[in-house]
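The values are calculated or read from the model by the stated rules, or taken from the named source; none is laboratory data. Everything numeric in this text was worked out from a predicted model, so none of it was measured. Quick reminder, even Gly has a Cβ in these numbers, built from the backbone with ideal geometry, and neighbours come from all protein chains shown.
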Amino acid sequence: MTSFGGVSISELEHLAPRAHVFTPYWGERADPALREPLETVLIDPDANVAEVMQRAAQEAQAALDEKLAE
């Protein structure tokens, strides 16, 4: 079983469709809010994944909400 950053390659079978499939402005708003946090949890073994991703989800949602309000 091969792993990358503590994640087993076998976990790939649990992937869900990316949000950009359903949200045409994903790349413009949410992707930037999630890119850095995702890199952080993959690279930093001491990162608190729950905190990093909770904050990222809030920022991504705020960016999407802002777009919807336009």
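Hey, could you check the stretch 55-69 for residues that are of a type outside the set (D, E, K, R) and loosely packed, with under 12 Cβ neighbours inside 10 Å and say which is farthest from Pro24 (Cα to Cα)?
Ranking the qualifying residues of the stretch 55-69, first place goes to Gln58.
Hey, among Gly5, Gly27, which residue is in contact with a Leu (Cβ under 8 Å, 6 or more places away or on another chain) and modelled with pLDDT under 80?
Unique residue meeting the criteria: Gly5.
When the residues of the stretch 30-47 are narrowed to those that are assigned to a loop (DSSP other than H, G, I, E, B) and exposed (fewer than 11 other Cβ atoms within 10 Å of the Cβ), which ends up modelled with the highest pLDDT?
My answer is Asp46.
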